[in-house]
1. Out of curiosity, is ASP89 farther than 19 Å from SER163 by Cα, out of contact with any strand residue (DSSP E or B) (no Cβ under 8 Å at 6 or more places or on another chain) and not small (Gly, Ala, Ser)?
2. Provide a single number: the residues in the stretch 249-262 that are touching a helix residue (DSSP H, G or I) at 6+ places or on another chain (Cβ under 8 Å) and surrounded by fewer than 20 Cβ atoms within 10 Å (Cβ to Cβ).
3. Among the residues of the stretch 141-157, is any charged (D, E, K, R) and closer than 30 Å to GLY239 by Cα?
4. Just for the stretch 1-30: of the residues that are of a type in the set (S, T, N, Q) and over 31 Å from the mean Cα position of the chain (by Cα), which one is surrounded by the most Cβ atoms within 10 Å (Cβ to Cβ)?
5. Does the stretch 213-234 contain at least one residue that is in a helix (DSSP H, G or I) and either among the acidic types (Asp, Glu) or surrounded by 18 or more Cβ atoms within 10 Å (Cβ to Cβ) (or both)?
6. State all residues of the stretch 259-274 that are outside any loop (DSSP other than H, G, I, E, B) and polar (S, T, N, Q); if no residue qualifies, say none.
7. Looking for whichever is buried (at least 16 other Cβ atoms within 10 Å of the Cβ) and touching a Gly at 6+ places or on another chain (Cβ under 8 Å) here; the options are LEU95, LEU100, LEU90, LEU86. Which one fits?
8. Looking only at the stretch 195-212, count every residue that is buried (at least 19 other Cβ atoms within 10 Å of the Cβ) and small (Gly, Ala, Ser) and tell me the total.
Amino acid sequence: MGQRVVVRRVVRGETGPSGGPALTDVLGTCTAWADGVCVVVPDGPGAHEPVTIPISDIVSGKPVPPRASTRMRVTPQEAQVRALALWPDLETEPLGDWLLRRSPTATARRANSVLAMTPSGLADAYERVVAFYAGLGQRPIAAVLPDSAEDALFSERGWVLESHDDHTVFQLTGVAAARRSLSGVTLPEAEVELVDAGDLVTAQVASAGRVVAAGVAAYADDWVGFRGIEVAPEARGRGLGLLVMSELLGWGAERGATTAYLQVLGDNTPALRLYAGLGFVEHHRYRYLAAPEPRSSGVA
């Protein structure tokens, strides 16, 4: 009981396609198994009446994994588009279902690459990516899911890993769950300054006249995202990273955010440990590929 199950049952009084008894499946949470019946509350949005199934009518049944939360069912491309809120001056241009991104101020790869985590739907998408960034005087970079069709498309044309960094992990959690995880944590007594700019905020902790911990959050469409969560080396181990996250989560909650997201390199073990403690789980991983560098002509 309490598990998500799929139960195959006989439909009494009906005949199946092969001439035998008709069968049907019920997918949901088993809430009772007693007195000769099994009770299952079906999956799906909205209210559902429990289905009472005589155990004698059950042909087969098995447990199935829990239904993914709504936020986890968002595609990687959709999640990445939501995360664009962290770059307020970002300029974007649709390329079929891909997205060309550039920033006049930020140098981060997320702000200066094509987002290609789904088929573009355009026959000339690749050529247009190369032309777009060539026109800006930038080396073309693509954000792709490892081992995807898009990964293969760029790799087959000689694109290579943009850096030696590990894959980037996109993580999600519920804002309420993250805040609950902090309820029993003793945070350091330090003043956090919030510099609010509408739907973007910067949190800073200063000591002896210099910033020793900081982070940025952005709110859009019920999601709050974080980037640049950093603690100075000499100030680590005091809980300042959690303090910054606590303040930023509170800021997002005040605006009505229910989902929190962030991105971290897959080999950043301390950060992954910190975020796991707040309930963040992996949604997807991706990597950056870059066009091959132009070969020198060798002419002096």
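1. Working: farther than 19 Å from SER163 by Cα: yes; out of contact with any strand residue (DSSP E or B) (no Cβ under 8 Å at 6 or more places or on another chain): yes; not small (Gly, Ala, Ser): yes.
Judged against the criteria, ASP89 is a match.
2. Initial filter on the stretch 249-262 (touching a helix residue (DSSP H, G or I) at 6+ places or on another chain (Cβ under 8 Å)): 249-250, 252-253, 257-262.
So of that shortlist, the ones also surrounded by fewer than 20 Cβ atoms within 10 Å (Cβ to Cβ) come out as 250, 253, 258.
Going through the stretch 249-262 one residue at a time, the tally reaches 3.
3. Going through the stretch 141-157, the residues charged (D, E, K, R) turn out to be 147, 150-151, 156-157.
Restricting the remaining residues to those that are closer than 30 Å to GLY239 by Cα gives none.
Among the residues of the stretch 141-157, not one is charged (D, E, K, R) and closer than 30 Å to GLY239 by Cα, which makes the answer no.
4. Narrowing the stretch 1-30 to residues of a type in the set (S, T, N, Q): 3, 15, 18, 24, 29.
Then keep just the ones that are over 31 Å from the mean Cα position of the chain (by Cα); that gives 15, 18, 24.
Values: THR15: 10, SER18: 7, THR24: 13.
Once the filter is applied, the top-ranked residue is THR24.
5. The initial filter retains those residues of the stretch 213-234 that are in a helix (DSSP H, G or I), namely 233-234.
From the residues that got through so far, the ones that are either among the acidic types (Asp, Glu) or surrounded by 18 or more Cβ atoms within 10 Å (Cβ to Cβ) (or both) too are 234.
Yes, some residue in the stretch 213-234 is in a helix (DSSP H, G or I) and either among the acidic types (Asp, Glu) or surrounded by 18 or more Cβ atoms within 10 Å (Cβ to Cβ) (or both).
6. Let us first name the residues in the stretch 259-274 that are outside any loop (DSSP other than H, G, I, E, B), namely 259-265, 269-274.
Scanning the stretch 259-274 gives THR259, GLN263, THR269.
7. Details: LEU95 fails: touching a Gly at 6+ places or on another chain (Cβ under 8 Å); LEU100 fails: touching a Gly at 6+ places or on another chain (Cβ under 8 Å); LEU90 fails: touching a Gly at 6+ places or on another chain (Cβ under 8 Å).
Answer to the selection: LEU86.
8. Of the stretch 195-212, the ones buried (at least 19 other Cβ atoms within 10 Å of the Cβ) are 201, 203, 205, 212.
Filter again for small (Gly, Ala, Ser), leaving 203.
Residues flagged as buried (at least 19 other Cβ atoms within 10 Å of the Cβ) and small (Gly, Ala, Ser) within the stretch 195-212 amount to 1.
The values are calculated or read from the model by the stated rules, or taken from the named source; none is laboratory data. Keep in mind the model is a prediction, meaning the values are calculated, not measured. Because the Cβ atoms are built from the backbone with ideal geometry, glycine has one as well, and the counts that use them run over all protein chains shown.
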